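Structure first, commentary second.
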Amino acid sequence: MGTDRGLYGMDRMGIMRPLWTGGAVRKVLKTAAYWAILGDQGVLVSTDLLHWEPRNKGLPVKTVKNYARGVKTFTSLVQELKDLKALPDNPDIMVCATKDTVFLSRDAGRNWESLGAPPYRTNGIKAVAAAMLPALTVFLSHSTYGVHYRHPDSRNSAWVELNGGIERLETTANPDEVSDIAVTLAGSVPRIYASQTFRRRIYQLDWEQKRFTPVWSDSTNFGTVDSLDLSARGIRFVREGSILELNYPQPFVVRTRPDLRAFIRSIPAAWGLKPSSLIAWSSNTFTGTDPVALSELWLLEAGTAPEPAHKNTLISSPPQDIARGRQGLYLPVNHSMESRSLAPYLKTIEDGGLDMVVIDMKDDYGRLRFSPNNGAISEKGRVFRPVDIDALLKNLKGRGIYTVARIVVFKDPELARKEGGRYALWDSRRNQPWVGYYDTRQAKGTGVDKDTINETEFFCKQKTAYEILRTYYDERWVDPYSEVVWEYTAAIAEELCRRGFDEIQFDYIRFPTDGANLGDAQYRWRENGMDMESAILSFMRHIRSRVDAPISIDIYGANGWYRTGARTGQEVELLAPYVDVICPMYYPSHFEQDFLAQNPAELRPYRIYYQGTQRTERIGRGQIIVRPYVQAFFLNVSYDRQYYNPDYVRRQVEGVRDAGGNGFIYWNNSGRYDDIPLQ
């Protein structure tokens with residue numbers, strides 16, 4: 001059994017012993033020639049389950065920076081591998097993948113070669129597989145762009161899309177994510193199956209027609225199928241709360257395997273382990289003659305939100321910790337300084353059945369909104385109109401309100417200008433702190449934007465007399481690779497914990513995304529081997545070691561909806577082990593305006609929050625509380641102009657509750673909460 005603390009074996013007498021304890025194990029492979037494990041140390045192979053050889057040559061390495069007591073050290077890690085498969089009829093052929101690249105080995109993992117990936121605009125690879133059809137064929141699945149295949153031994157080999165028959169995400173041209181691809185041999189002919197992450201569907205590939213055919217579904221609107229285990233008897237797989245088996249021949253007959261589930265659940269009870277994967281075999285009724293090979297066992301503990309009978313039902317679950325199930329609002333700090341301005345919010349909290357407040361202690365402009373006791377904090381930041389947090393917390397806690405301190409991290413104009421811009425994101429072209437901008441063309445002296453009139457008319461009338469107007473974004477950034485920035489942030493969080501906040505929430509833990517000049521941004525604190533994900537990961541590891549309280553982070557809604565950290569470095573799978581709560585901003589106004597806007601279109605906010613909440617939980621492998629920010633503000637976009645009203649806000653809340661009810665936060669930057677539903 002693969003676990004969070006290594007690989008363990010159990011004999012027929014029920015005696016367990018550790019086989020390898022060098023890290024977490026997510027998947028176990030058994031072939032005729034070797035055993036292989038996939039985990040946080042990459043790929044390891046053994047022929048006797050006693051001696052394990054790392055086989056990572058050619059796989060990318062990520063450098064993690066550690067900073068403690070003023071000393072920097074570095075740890076090299078194999079980049080997280082999403083999947084590992086062996087060719088059924090030749091175990092020397094193995095395939096694996098990182099978030100953005102597929103790798104092939106022809107010598108059982110001793111050497112890996114890159115097969116690249118299709119030219120996607122985002123990362124997000126989930127699964128890989130290989131088959132002889134009759135040429136060697138490698139498959140991948142991507143969170144957004146579906147399944148592709150490639151013949152690596154063919155001349156001018158390239159990735160080819162293969163999405164026919166796969167159910168698509170509504171209102172998009174993209175197939176919904178394929179969670180696994182599995183290959184078995186029926187005689188000498190490969191059979192290939194695929195499953196989906198966010199809807200319970202299993203497909204068989206018709207290779208001749210290049211099309212997937214549905215073979216099983218339980219017809220639910222949302223659910224996960226993963227870890228396809230193909231045997232001579234049928235297809236075993238994991239879904240929320242259970243293991244199922246489809247018996248051959250078609251039409252498939254489905255049955256549950258409570259014996260397997262009970263066996264798996266008995267292990268952690270005795271050993272305190274968190275099981276992730278399993279291979280079991282013996283000649284008895286438990287497995288039959290076929291070994292059982294399953295992974296993604298966290299799904300057995302994942303709660304499944306039932307199909308809502310009506311949209312006002314609150315699905316409750318026993319709280320597992322103090323952060324779970326909290327429902328609150330963002331409180332602008334300026335409105336908390338006097339009892340008169342605070343009183344309306346306290347009434348809204350009471351009337352709305354809320355129990356949480358999120359308040360800025362370091363705001364979007366890098367200003368400290370409290371008076372630190374730690375002088376080192378004041379040296380790096382600027383105190384601006386501080387609130388008396390001791391009095392405020394006493395008032396809120398006396399009313400049973402859970403308090404969350406929001407800290408804006410890498411968007412920080414105050415720290416960016418300190419010490420001559422030492423900590424600032426740097427402009428390599430202009431040799432000064434970087435600021436994002438965009439350009440527009442308009443006719444000279446007219447104030448007419450070229451894009452607002454006919455182009456031919458514009459150039460004829462103006463005879464190319466135009467000027468460039470440069471507009472700078474109201475953002476200034478510090479370098480996310482800087483350990484000094486990390487230490488400053490950790491010191492703020494530590495003090496706020498000591499002063500009495502229940503939870504620390506970090507926002508803008510990301511890289512800048514806006515600006516025609518993003519290519520000019522220079523990261524002077526970046527160490528060799530580091531990338532965006534390793535910078536964010538290093539920061540969160542540092543924070544986790546310093547903060548003894550629940551930690552929440554805010555992320556873009558798209559980074560919670562899809563398995564990607566594109567543009568921002570916010571990779572849910574990587575961050576989940578270091579945080580307690582992830583707060584995606586699934587604001588309907590921020591998605592494409594026709595996204596999930598099928599009829600009835602007014603239910604779009606419900607759909608986005610219902611599906612989004614569950615998607616983030618699945619991507620995070622059930623390790624985190626998903627507590628979305630709810631859009632309680634109007635944005636002047638086409639959908640909001642037609643549909644924004646109190647029902648718009650209410651439907652988001654109902655979507656979160658029907659998806660499991662682990663909490664939410666109303667967001668209105670100005671503090672106007674007239675649109676939120678009351679009890």
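The values are calculated or read from the model by the stated rules, or taken from the named source; none is laboratory data. All values derive from a computational prediction rather than experimental measurement. Cβ placement follows ideal geometry from the backbone for every residue including glycine, while neighbour counts extend to all protein chains displayed.
Taken over the stretch 383-442, the criterion of being within 27 Å of Ser336 (Cβ to Cβ), assigned to a loop (DSSP other than H, G, I, E, B) and aliphatic (A, V, I, L, M) is satisfied by Val387, Ile401, Val409. For the stretch 487-506, taking the residues that are of a type outside the set (D, E, K, R) and assigned to a loop (DSSP other than H, G, I, E, B), the one that is surrounded by the fewest Cβ atoms within 10 Å (Cβ to Cβ) is identified as Gly500. Among the numbered conditions (1) under 27 Å from Gly663 (Cβ atoms); (2) free of Cβ contacts under 8 Å to residues at least 60 places away in the same chain, the only one that Ala424 does not meet is (1). Give Asp388, Asp360, Asp321 a once-over and let me know the one that is among the acidic types (Asp, Glu) and within 22 Å of Ala659 (Cα to Cα). After applying the criteria, what remains is Asp321.
For Ala129, the requirement of being among the small types (Gly, Ala, Ser), more than 30 Å from Ala376 (Cβ to Cβ), out of contact with any Phe, Trp or Tyr (no Cβ under 8 Å at 6 or more places or on another chain) and in a strand (DSSP E or B) is not met.
Here the condition is being assigned to a helix (DSSP H, G or I), without any contact (Cβ under 8 Å) to a residue 12 or more places away in the chain and either touching a strand residue (DSSP E or B) at 6+ places or on another chain (Cβ under 9 Å) or more than 30 Å from Arg239 (Cα to Cα) (or both); of Arg641, Arg657, it holds for Arg641 alone.
Answer with yes or no whether Ile125 is among the aliphatic types (A, V, I, L, M), modelled with pLDDT of 95 or more and closer than 29 Å to Asn559 by Cα. Yes; evaluated as a whole, the condition is true for this residue. The residues listed here are Val484, Val581; of these, the one that is surrounded by fewer than 24 Cβ atoms within 10 Å (Cβ to Cβ), modelled with pLDDT of 95 or more, in contact with a strand residue (DSSP E or B) (Cβ under 6 Å, 6 or more places away or on another chain) and aliphatic (A, V, I, L, M) is Val581. Those strands (runs of 3 or more DSSP E) of the stretch 238-289 in which 2 or more residues are within 22 Å of Leu49 (Cβ to Cβ), of a type outside the set (Val, Ile, Thr) and at pLDDT below 90 occupy 275-280. Among the residues of the stretch 129-142, those that are touching a residue at least 40 places away in the same chain (Cβ under 8 Å) and more than 15 Å from Thr197 (Cβ to Cβ) comprise Ala129, Ala130, Ala131, Met132, Leu133, Leu136, Val138, Phe139. The stretch 143-205 holds strands (runs of 3 or more DSSP E) entirely within its bounds, and those carrying 3 or more residues that are at pLDDT 95 or above, surrounded by 15 or more Cβ atoms within 10 Å (Cβ to Cβ) and among the β-branched types (Val, Ile, Thr) map to 178-186. The residue of the stretch 74-122 that is nearest to the chain's Cα centre (by Cα), among those that are in a loop (DSSP other than H, G, I, E, B) and aliphatic (A, V, I, L, M), is Leu81.
Consider the stretch 540-570 and keep the residues that are among the polar types (S, T, N, Q) and in contact (Cβ under 8 Å) with a residue 40 or more places away in the chain. The one that is farthest from Glu495 (Cα to Cα) is Thr564.
Scanning the stretch 51-104 for residues that are closer than 23 Å to Ala129 by Cα and among the hydroxyl-bearing types (Ser, Thr, Tyr) yields Thr98, Thr101.
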